[in-house]
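Here is the structure we will look at, set down as structure tokens.
The values are calculated or read from the model by the stated rules, or taken from the named source; none is laboratory data. Small disclaimer: the values here were computed from a predicted structure and weren't measured. Here Cβ is always computed from backbone atoms with ideal geometry, including for glycine, and neighbour counts include all displayed protein chains. For the accessible areas, the whole protein counts, side chains as well, though only heavy atoms, and no ligand, DNA or RNA atoms are used. Shrake-Rupley method; radii C 1.70, N 1.55, O 1.52, S 1.80 Å.
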Amino acid sequence: MSFLSNMTRSDGDPKVLQSGPSSLSSSDRLARNLGWFSIGLGLAELFAASKITSALGMHGKENLVRAFGVREITSGFMTLSVDKQAGLTSRIAGDALDVATLATAMRPDNPKRGNAALAFAMVAGITLLDIIATGASTVRHTRHRGKSRSYGDRSGFPKGVEASRGAARKQLADLRSTPNETGAKSRKPAGTGD
């Protein structure tokens, strides 16, 4: 992955040597996967609505399935965004609509009732995953009142403060030893220890 990162960087940008551990928790990964699943399902509903409705015995509901596809894509993008809570919540609301719609397809006169029951079970399983992801994401990303985050263990310098000081001293020494425009070495200002 660092190879791809380095291909897109400008010449002056630092190169990525290796990536560190991911800051994504398992709940963040679940939310991300649900977001991508939502986009994929939405595209399928958008472009294959007639096949889906015929497999479920719901002829004539193609436009409804396409509308559900647009909703799925929107929920997927929201789930992949910074504000994943809104996306996960919209996924749960969408699951409720899916369950209600699939319930109408499980009527006794529907010859594809078995397919509708299988789709109903799959939506119920995805709904459970959506509820788990929403709860876990809420717990992980909710800030508690009066409790501030501590960044005391971070310096802001990738190789540590001492390495940065050494690099700064080296650059200063290099600047002092470079010739100025007239060809003479630059003078050290009075009062410097070096």
Let me see the P(r) profile for segment 74-151: every Cα-Cα distance counted, bins of 5 Å, each bin given as a percent of all pairs. 3, 15, 18, 17, 13, 11, 9, 5, 3, 2, 2, 1, 0
Not counting ligands, DNA or RNA, and with a 1.4 Å probe, what is ILE132's accessible surface area in Å² rounded to the nearest 10? 90 Å²
Keeping all protein chains in position, work out how much accessible area GLU72 exposes to a 1.4 Å probe, and write it in Å² to the nearest 10. 10 Å²
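If the chain between THR138 and ALA93 were fully stretched, how many nm would it gain, using 0.36 nm times the residue separation less the Cα-Cα distance?
On the way: separation 45, 0.36 × 45 = 16.20 nm, distance 1.66 nm.
Roughly 14.5 nm would be gained on extension.
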When the charge dipole of segment 18-140 is computed with +1 on Lys and Arg Cβ and -1 on Asp and Glu Cβ about the Cα centre, the Cα farthest towards its positive end, among SER90, ALA44, ASN115, belongs to ASN115
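Give, in nm to one decimal, the length gained when the segment between ASN63 and LEU118 is fully stretched (0.36 nm per residue of separation minus the Cα-Cα distance). Intermediate results must be reported in sequence, preceding the final value.
Details: separation 55, 0.36 × 55 = 19.80 nm, distance 2.17 nm.
Extra length available between ASN63 and LEU118 comes to 17.6 nm.
How large a share of the accessible area of segment 32-149, in percent, is made up of carbon and sulfur atoms when the probe is 1.4 Å and the other protein chains stay in place? Can you show the working numbers first?
Details: 4670 of 6930 Å².
Carbon plus sulfur share of accessible area: 67 percent.
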